[in-house]
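Please read the structure below before turning to the comments.
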Amino acid sequence: MVLSQKGSVSWCSPGAVITELSLQQESFNEGIDKMQTWNIGEAKITKVVEMEQMWPGSAVIPDANSAAVLEHDWILGPFADRENGRIRLSFHAFCIEIGDEKIVVDTCAGNDKARPNFDALSNLDTDFMQKMTEAGFGPDDVTAVICTHLHVDHVGWNTRLLNGVWQPTFPKARYLFGETEWAHWRVEPQVYGDVVGDSIQPCIDAGLAELVQSDMQLNDAIWLEPTPGHTPGHHSVCISSGGEDAIITGDLCHHPIQFELPHWSSEPDVDKPAAITMRRRFAERYCDDHTLILGTHFGGPSCGYLRPLGNSWWLDSKGFADLDDNLPNG
């Protein structure tokens, strides 16, 4: 379904075995952050970071206070500070190149956008689009944008401010919005400013938006998997090529600690019981030794394999690079 009509909108808070997997580190230009890339068969996935910081865990996951975080040794270092228990939180896009397609999964927070009640994302001025261009995902390069859901920090670079008007950042791309997700958020009150008006509606008005089902198959290698709970129409993104597999979580969980403790809810989870159930189902399914988990908000290596831990799970990031261990506090 292609969206073409302007409407009243609003916002509220928030398999096969891998035979070879290579993590490459590249520095595209002096002053440009090194970027992590993964090869999944013929698909190349690049992580482009908008920002990464050390946050008090309880700001996102109420149960994740410093003392509680420090009790879990496996997350200390790659995913949390060993000394103070702050968690590493990243805002980044996963950019997928396969064949002639260049697909961006989630577009972070964006520049120049007023975000009341979320100072960390308000009126940003980052070099994210410079990084995107250096990575080969400039405005005219991208063929599709997938939003795992429509929260403020996943739609921001859908648009940019040009001559005082919000315009689609990627004018040659299809913007794929979940139909269930759109139906929910268009009628909810806003607390973070006009998120739909500045980051979604311009894509609709330009005729670039499509409403899709959360099990949509984009091509032979990429499809969506429904993972509702965090939001009603949330989906994750599966990549399978050449006998290798990966999945991009979206906000199924904000931090790897939630695989060990799936009952630790994220504050912005819309349906917390459903989100807890979905985290358990996800971990049970993908604790398989061959599916690479790519976390949309996971800092540091941002990836790993799910391993069993008693009646729960942990994320094994051993062997994957951590390109920035000197981070500001959020």
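Please treat every number below as a calculation from the coordinates, not as lab data. All figures in this text were calculated on a predicted structure; none of them were measured in a lab. Quick reminder, even Gly has a Cβ in these numbers, built from the backbone with ideal geometry, and neighbours come from all protein chains shown.
Under the criterion of Cα pairs below 8 Å and six or more residues apart, the relative contact order for region 22-316 equals 16 percent. Charged side chains reduced to their Cβ positions (Lys and Arg at +1, Asp and Glu at -1) give the chain a dipole of some 500 debye around its Cα centre. Within a Cβ distance under 13 Å of Trp182, other residues only, what is the Lys/Arg minus Asp/Glu net charge? After counting each charged neighbour, the total is -3. Summing charges over neighbours of Asp289, with a neighbour being any other residue whose Cβ is under 14 Å away from its Cβ, gives -2 when K and R count +1 and D and E count -1. Our estimate of slack between Lys272 and Gln130, defined as 0.36 nm per intervening residue step minus the Cα-Cα distance, is 47.5 nm.
Please state the shape class of region 117-166: rounded when a/c is under 1.5, otherwise prolate if a/b exceeds b/c and oblate if not, all from the C-alpha gyration tensor.
It is prolate, given that a/c is not under 1.5 and a/b is the larger ratio.
One quarter of the convex hull surface built on the alpha carbon atoms of region 225-330 amounts to 7.3 nm², the projected area averaged over directions. Take every Cα-Cα pair in region 22-316 and report what % of them are more than 33 Å apart. Pairs farther apart than 33 Å: 17 percent. Spin-label model, Val187 to Gln53: label points 7 Å out along the Cα-to-beta-carbon direction sit 3.5 nm apart.
Can you give the relative contact order of region 215-261 as a percent, counting alpha carbon pairs under 8 Å and 6+ residues apart?
Numbers: 67 pairs, mean separation 12.2, N = 47.
Once normalised by length, the contact order is 26 percent.
The alpha-carbon of Lys47 sits under 29 angstrom from the alpha-carbons of these lysines, leaving out residues fewer than 8 places away in its chain: Lys34, Lys102, Lys113, Lys131, Lys172, Lys272, Lys318. Sequence-ordered 3J(HN,Hα) estimates for region 136-145 from the Karplus curve with 6.51, -1.76 and 1.60 and θ = phi - 60° stand at x, 10, x, x, 8, 9, 6, 9, 7, 10 Hz, glycine and proline given as x.
Note on Asn311/Ala68: beta-carbon distance plugged into 1/(1 + (r/R0)^6) with R0 of 22 Å gives a FRET efficiency of 0.75. Shape analysis of region 86-240 yields a ratio of the Cα radius of gyration to the Kirkwood radius, Rg/Rh, of 0.94.
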